[in-house]
Each structure stands twice: as C-alpha cells, then as structure tokens.
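Enquirer: Before anything else, here's the structure in question.
Nothing in this text is a laboratory measurement; each read-out follows from the coordinates by a stated rule. Treat the numbers as computed from the prediction; the structure is a model and nothing was measured. Neighbour counts run over all protein chains shown; Cβ positions are idealised from the backbone, glycine included.
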Amino acid sequence: MQHTGKYVSILVILGLFLVALILLNISLGSVNIPVKDIFSSIFNTEVSKETYRYIVLDYRLPKAFTAIIAGSGLAISGLLMQTMFRNPLAGPYVLGLSSGASLGVAIVIMGATLIGGSFVALALSKWTLVIASSLGSLMVLFAVVLASVRLRDTMAILIVGLMFASLTGAVVSILSYFSPAAQLQQYIFWSFGSLGDLSWAEVGILAIFCFLGISLAIFCIKNLNSLLLGEEYARSLGVNISQNRMLIIIATSLLAGSITAFCGPIAFIGLAVPHLIRQILPINNHLILLPAVILGGAILMLICDIVAQLPGMEFTLPINAITSLIGAPVVIWLLIRKQKFLF
Amino acid sequence: MKSNAENITLKTSNLEIGYQDKKGVKSIAEKIDLEVHKSELIAVIGVNGIGKSTLLRTISGIQQALSGAVEIEGKNLNALNDLQRASQIGLVLTNQPISKNLSVFELIALGRQPYTNWLGKLSKIDIEKIENAIKLTSIESLKDRKCYELSDGQLQRVLIARAIAQDTPIIILDEPTTHLDMYHKAYVVKLLKKLAKQTNKTIIFASHEINLAIQICDKIILMHPKKTQIDTPENLISSGAFQDLFPKDLIHFDEISGAFRIKNED
C-alpha cells in the first residue's frame, strides 16, 4: 500500500508484455503471419495474402480473445478460492469445481443419448453446455461450502472438495461406460480443452459471463483483504461473512463454470497464477493483486496456447496438457529459487 | 468520576452466556452484571473452561447471548449492524489464520477497513491513525517488515496496533499473553495499561496471568462457577474472592503479598 507507484509500473510492464504476446500468439501457428498483416486484417487494409485476413479474423483473433478470457477468469477464481479458504492449495480444479462442470457436460453429451429424442439436438448447443457446466460446478461448490460451514477446518474442506471430484469422476466413468463411441469421443475431446473452437458469438457469450464474474470479484476486493486476517477478524471489521462467501461462490462459478463449458477443463492456471504473481509482486492488497492476476492469467494462457499450436506444424496439442507441462516446472523453479513460500 | 454514568462504555444486565445447538441449550454462566468505564484496563480471570472466551465473544457480538442484554455506549449490541459494531469494538485474537505475507503496515491498515471506501482506499486521516497506532505501540522499526519475520511478542504488538487503528472505544483481547515469555507478558499488559490511559479506551482482556493482573489492572472480572463479579483488585483481595478460585490442595492466595503461592508443605 505504500509503494503503489512501483506496483503500478509492474502492472504496466505486465500489460505491455501481454500486448506483445497477443501479437505473437496471432502471428504464430501452422502458417506464420507477419505482424504487419495482422494489423492490415484488423483495420481492413490491403493484406499480402487474402487467406491471412480469413485466418486472423475468423480463427486466430477469437482464439486469442478466448485464451485471454479463460486465462484471466481461471486465475481470478483461483485467487478467490485461495483467499476465501485461506489455503494455498485451493483453486477451481482442486475444489472439484471443474469436475462438477465435467459432470454437467458429461450428463448432457452422454446422458442425452441415453434418453434420446429431441434432447440430442439440444445437447449440441453451446448454450446448453454453458448452463450444464455452470450448474455442475455450482452444485459441487455448494456442497463444498455446506461442508465448510459445518467443518470450519480448511484442510478438511479441501479433502471434501477432492472427494467430490472423485465422486463426480466416478459418475462420469459410469456414463462413459454406457455411451456410444461418437458421444464418448465428443466428451473426451471436450475434456482435452480447446481454445480454438469458438465463434465470435460464443466468445461474446463467454465474455459476458466472465465480465459478470470479474465484476463480482471487484465488488469483493475490500472483503477479500479483510479475509487475509481470517474470518473472525473479518467479521469484527464489519464483513458479513455468509453474504461475502455467497458472492465469491457465485463469481467463481460464473468464471470457472463458463470457461470450463466453452474451453473444457483447463488445469493448473487457477492454482498457479496467483502464486506466480505473489512471487513477482510481494503484495496482498487485492486491489493490486486482482488486476495483476488477470494479466498474469492471460499471459500464461497465451504462452501455453503458442506452445500448443506447435508453430510451423500441422497439428495442435491439447491445451489442458500444456498448461500443466509449462506451469508446474515454472512454479517449482520459482519456489526453489526464492526459498520462501509466500501466502 | 469513574462511577459517572456518562463514562460507561459497556454494560451487561442479567446476561446469560453459553451455546445453543440442536441438542439444546448449554448455559456456561448467568446473572452477569457488569459496568465498565472509559480508560479502564480490565482483566477477565477464571479457571480453564469457566467461560472467559465465551464471555468475551458474547460482549463483542461474535456470539449471541442466551438471555439478557449487552449495551455499548447506551445502545443494545443486537441493534448495531456489522459496520456500526466494527466502529465500537476492536478485537485482538490468537491463533487466527493471518496471512504472514502481510507487511506490518498492511496488517495495521486493515484496521481501517470499517472507515474506507468500497475499494478500501486509505485516506489521509486513515494514514494518520495508522501512524499514530504504530507510534503508540512503539513498533516504528517493524513497519516495513513482513509478519513472518516477527517474533510472537512483536506480532502481538502489531495486532494490538491494528486494534488501536480501528479507533473503537472498546478493545477486547483474548489471551494476548499466551506464548509469551515473562518479560513480554509484563510488557504487553503494561502497554495495554498505557494505551487505556492515553487513548481513553476501555480495554478488556482474558488472561491466566493473575498476579500480573492484580498488580496492573484497574478492575478484574472474576469468573467463578457460582458468580461472575467485577471489582478493583484491592476489593477482591479484601473480600476474599480469590481464596476459592482454585482447589486449595495445590495453590493458595497470599493476601499479604497479593499473589498466588504454591503449597510446599509436603
């Protein structure tokens, strides 16, 4: 709070880095497009090859936007969970949020064929997936919070979250066992995670959900800071704990649920980005931490997407694997180098 | 002046404390009538499990009373909303999951939360109050340290500074001297005494440091299975109230020295 100027300048540097990465992300891929042509495509001036315009506008730009939204959103939900549970291991993935979303989507994709009829057509709509996924993660988070009210022990809550993840995973397994190959494949591809399948309209829908989630998170900034002292102190500072908990749950579900629905379950970003940011910015005020985590999430996701695209090659790797492959060693390296686990 | 009704900051009448759950009501203590005044330092004394923490939690509004009333500056505690209560009572608690990554300044600044805007931005007045709290607790040299670098005694002073910055007429501390060595126990209680006098606040703390409390505190709330009473240490000594605080087989209260002694006969 005293060195605000220094922190703001780090935020600006992160912002500039993000802009550079966006250009790099759009430029690299199976076909490399010069930066000049990216701008020409966007501003509708002459492009050196007409296919570039199509690739940039209809494929890479929406993909870059999706990466930014998904990375930021998951990173924020990780931060919210970590502060709310006062536990450095919390995140949408660890608490079973993503598993809940998977269950929702699995029921819609694979369960629909079991019921059959007009339900199958409905299941293919992205909207249905968003709703199913959000309901799935909301359900799991609700169960975790219900348990947290009774338990009050953060480690126990995490275990409950992991148990729910196992439970939902088991239900998905049973559903998979009875599903025809085509539906199974559709579900498995969804679970690999993908940033590139979204139309502009779908990017818009995702953006609206995440905008609502981020707005709620911003609204909670002050209470999140109070929670750094623990719930008893926060209450003594005038925080309405149950109301605040509800807001954070809704924000996290909107973010993690909608992102998981559109992009599949993306591991690691939610857990790791808040820690990476705390290593760069030794600060706890969520007023600085939140924008930093938004930038950090977007940056890490863009980097992962560039790697997943395997520049110059014809095929892409599943983004869900890349986030962990890149992120985990980075966090381990940072922790070992700094010798201090800041939380 | 101290008996002046205008100086009463906290008053309980016919208060009954305890827990209520599905299995029923568990009353811990009843008929508690207390009146405490401005700039008084008050210790809550009693054996383990007698309900010191429950009493403190009840008068600070964390826990509901089973019956009876708590009044803060003439207003019923239940009539205050979360924010109003936060500007009346500051707490110092032990064993909370505080983020040790907070700097001392950041932690103390969180005491200003009830007064800052929706984003928690500190105004000039907020900064002044924080600096003043730092000065009052003599922790200027710790200001930029991280909490994980502090000793238990230093952290306790920082937590007290945070409560001072919250700028409430009443500060309640739950066993602020546990985990501290003898010197730091005395240091913290002396500090509380100084703060009560300099800032006119009412400071109430639960403690097992009876000998220390008798020497320093203005009043003592003595919790006993039969009754809870408040009085000056001198009056409590002369009325013999300390005599049956503990079972007499091991320790007894020596009225001449005003301290508890261990029996050595056998």
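Enquirer: On a 0 to 90° scale, report how tilted helix B:152-165 is relative to the longest principal axis of chain B, with both axes built from alpha carbons and the result rounded to the nearest 10.
Expert: Result, in degrees: 70.
Enquirer: Report the label-to-label distance for B:HIS179 and B:ASN95 in nanometres (one decimal), using points 7 Å from each Cα along the Cα→Cβ vector.
Expert: So the two model labels end up 1.0 nm from each other.
Enquirer: Can you give the helix-only mean residue ellipticity at 222 nm for chain B, where every DSSP H stretch with n ≥ 4 adds -39500 (n - 2.57) and the sum goes over all residues, rounded to the nearest 500 deg cm²/dmol? Mind showing how you got there, number by number?
Expert: Values: 8 runs with 77 residues, N = 266.
Theoretical 222 nm ellipticity from helices: -8500 deg cm²/dmol.
Enquirer: Give me P(r) over the stretch B:143-266, computed from all C-alpha to C-alpha distances, binned every 5 Å, as integer percentages.
Expert: For the stretch B:143-266, the binned pair fractions read 2, 9, 18, 19, 18, 14, 9, 5, 3, 1, 0 percent.
Enquirer: Continuing with the same structure: Would you mind calculating the relative contact order of the stretch B:4-262 from Cα pairs under 8 angstrom and at least 6 residues apart, reporting the percent as a whole number? Numbers along the way, then the final one.
Expert: Working: 461 pairs, mean separation 65.1, N = 259.
RCO, the stretch B:4-262: 25 percent.
Enquirer: Per residue of chain A, what 222 nm ellipticity follows from adding -39500 (n - 2.57) for every DSSP H run with n ≥ 4, rounded to the nearest 500? If you can, show how the numbers build up before the last one.
Expert: Details: 18 runs with 250 residues, N = 343.
So the helix-based figure for chain A works out to -23500 deg cm²/dmol.
Enquirer: Can you divide the C-alpha Rg of the stretch B:56-194 by 2.2 N^0.38 Å and report the result to two decimal places?
Expert: Values: Rg = 15.4 Å, N = 139, 2.2 N^0.38 = 14.3 Å.
Ratio of Cα Rg to 2.2 N^0.38 Å: 1.08.
Enquirer: Compute the separation of the alpha-carbon centres of the stretch A:37-62 and the stretch B:67-92 and state it in Å as a whole number.
Expert: 64
Enquirer: Quick one: of B:LYS11/B:LYS193; B:LYS219/B:LYS263; B:LYS11/B:LYS100; A:LYS6/B:LYS197; B:LYS75/B:LYS248, which pairs are farther than 32 Å apart, Cα to Cα? Provide the component values of the computation, followed by the final result.
Expert: Details: B:LYS11/B:LYS193 21 Å; B:LYS219/B:LYS263 27 Å; B:LYS11/B:LYS100 36 Å; A:LYS6/B:LYS197 40 Å; B:LYS75/B:LYS248 42 Å.
Pairs exceeding 32 Å: B:LYS11/B:LYS100; A:LYS6/B:LYS197; B:LYS75/B:LYS248.
Enquirer: Further question on the same structure: Within 10 Å of each Cβ in B:112-124, how many Cβ atoms from other chains are there, averaged over the peptide?
Expert: Values: counts 1, 11, 5, 1, 2, 1, 5, 8, 10, 3, 2, 0, 0.
Counting other chains' Cβ atoms within 10 Å and averaging over B:112-124 gives 4.
Enquirer: Determine, for each peptide in B:80-86, A:308-314, the mean count of other beta carbons within 10 angstrom over its residues, then list the peptides with the highest first. Mind showing how you got there, number by number?
Expert: On the way: B:80-86: 17.1, A:308-314: 14.0.
Result, highest mean first: B:80-86, A:308-314.
Enquirer: Please give me, ordered by residue number, the chymotrypsin sites (Phe, Trp or Tyr not before Pro) of the stretch B:98-156 that lie in loop per DSSP and have at most 12 other Cβ atoms within 10 Å. Working shown, then result.
Expert: On the way: sites: B:PHE105, B:TYR115, B:TRP118, B:TYR148; in loops: B:TRP118.
Of the chymotrypsin sites (Phe, Trp or Tyr not before Pro), the ones in loops of the stretch B:98-156 whose Cβ has at most 12 other Cβ atoms within 10 Å are B:TRP118.
Enquirer: Further question: Determine the sum of side-chain charges near B:GLY153: Lys and Arg each +1, Asp and Glu each -1, restricted to other residues whose C-beta is under 11 angstrom from that of B:GLY153.
Expert: On the way: positive: B:ARG157, B:LYS185; negative: B:ASP152, B:ASP181.
In short, 0.
Enquirer: Here is a follow-up. Which longest uninterrupted range of chain B lacks any GluC sites (Glu not before Pro) assigned by DSSP to a loop state (not H, G, I, E or B) and surrounded by at most 16 other Cβ atoms within 10 Å?
Expert: Values: sites that count: B:GLU73, B:GLU255, B:GLU265.
The longest such stretch corresponds to B:74-254.
Enquirer: Find, among the chymotrypsin sites (Phe, Trp or Tyr not before Pro) in the stretch A:30-105, those assigned to loop by DSSP (not H, G, I, E, B) with at most 16 other beta-carbon atoms within 10 angstrom.
Expert: On the way: sites: A:PHE39, A:PHE43, A:TYR52, A:TYR54, A:TYR59, A:PHE65, A:PHE85, A:TYR93; in loops: A:PHE43, A:TYR93.
Sparse-neighbourhood loop chymotrypsin sites (Phe, Trp or Tyr not before Pro): A:PHE43.
Enquirer: Same structure, new question: Express the C-alpha Rg of the stretch B:17-135 as a ratio against the empirical globular expectation 2.2 N^0.38 Å, rounded to two decimals. Could you put the intermediate results ahead of the total?
Expert: On the way: Rg = 17.2 Å, N = 119, 2.2 N^0.38 = 13.5 Å.
The value comes to 1.27.
Enquirer: Which helices pass in chain A if a helix is a full DSSP H run, must span at least 15 angstrom along its long axis by Cα, and must have mean Kyte-Doolittle hydropathy not below 0.0?
Expert: On the way: long enough: A:4-27 (35 Å, 2.08); A:61-85 (36 Å, 1.28); A:126-151 (37 Å, 1.72); A:154-177 (35 Å, 1.98); A:181-192 (16 Å, 0.33); A:200-219 (28 Å, 2.19); A:241-252 (16 Å, 1.04); A:269-280 (16 Å, 1.16); A:286-309 (34 Å, 2.12); A:319-338 (28 Å, 1.48).
Counting only whole DSSP H runs, the qualifying helices are A:4-27, A:61-85, A:126-151, A:154-177, A:181-192, A:200-219, A:241-252, A:269-280, A:286-309, A:319-338.
Enquirer: Starting from the Cα coordinates of chain A, work out the convex hull volume and express it per residue in Å³. Working shown, then result.
Expert: Numbers: hull volume 50.1 nm³, N = 343.
Considering the Cα atoms of chain A, their hull volume per residue is 146 Å³.
Enquirer: Post the alpha-carbon centroid distance, the stretch B:227-266 to the stretch B:146-176, in whole angstrom.
Expert: First find each Cα centre; the distance between them is then 30 Å.
Enquirer: Here is a follow-up. Treating the angle as unsigned and between 0 and 90°, give the value, to the nearest 10°, between the Cα long axis of helix B:124-136 and the longest Cα principal axis of chain B.
Expert: 40
Enquirer: What is the helix-to-structure angle for B:182-199, meaning the angle in degrees between its Cα long axis and the longest Cα principal axis of chain B, kept from 0 to 90 and rounded to the nearest 10?
Expert: That helix lies at roughly 70 degrees to the long axis.
Enquirer: Averaging sequence separations of C-alpha pairs under 8 Å and six or more residues apart, then dividing by the length of chain A, give the relative contact order as a whole percent.
Expert: Values: 536 pairs, mean separation 104.5, N = 343.
Normalised by residue count, the contact order of chain A is 30 percent.
Enquirer: Could you work out the local net charge near B:GLY61, counting Lys and Arg as +1, Asp and Glu as -1, over the other residues with Cβ closer than 13 Å to its Cβ?
Expert: Values: positive: A:ARG235, B:ARG57, B:LYS75, B:ARG85; negative: A:GLU232, B:GLU71, B:ASP82.
Local net charge: +1.
Enquirer: If every alpha-carbon in the stretch B:4-262 counts as one equal scatterer, what log10 I(q)/I(0) does Debye give at q = 0.07, 0.10, 0.11, 0.12 1/Å?
Expert: -0.25, -0.51, -0.62, -0.73
Enquirer: How large is the convex hull of the Cα atoms of the protein assembly as shown per residue, expressed in Å³ as a whole number?
Expert: Values: hull volume 119.8 nm³, N = 609.
Considering the Cα atoms of the protein assembly as shown, their hull volume per residue is 197 Å³.
Enquirer: Which net charge results when you count Lys and Arg as +1 and Asp and Glu as -1 among the other residues whose beta-carbon is under 12 Å from that of B:GLN243?
Expert: Working: positive: B:LYS248; negative: B:ASP244, B:ASP254, B:GLU255.
Neighbour charge sum, excluding B:GLN243 itself: -2.
Enquirer: Would you tell me the mean number of C-beta atoms belonging to other protein chains that fall within 10 Å of each C-beta in B:81-89, as a whole number? Intermediate values should be presented prior to the final figure.
Expert: On the way: counts 2, 8, 4, 1, 4, 7, 2, 0, 1.
Per residue, the average neighbour count from other chains is 3.
Enquirer: Can you give the average number of partner chain beta-carbon atoms within 10 Å of each beta-carbon in peptide B:104-110, as a whole number? The partial results should precede the final answer.
Expert: Numbers: counts 0, 2, 7, 4, 0, 4, 12.
Going residue by residue through B:104-110 and averaging, the value is 4.
Enquirer: Next question, about the same structure. Tell me the trypsin sites (Lys or Arg not before Pro) within the stretch A:259-343 that lie in a loop according to DSSP and have at most 15 other beta-carbon atoms within 10 Å. The partial results should precede the final answer.
Expert: On the way: sites: A:ARG278, A:ARG337, A:LYS338, A:LYS340; in loops: A:LYS340.
Passing sites in the stretch A:259-343 are A:LYS340.
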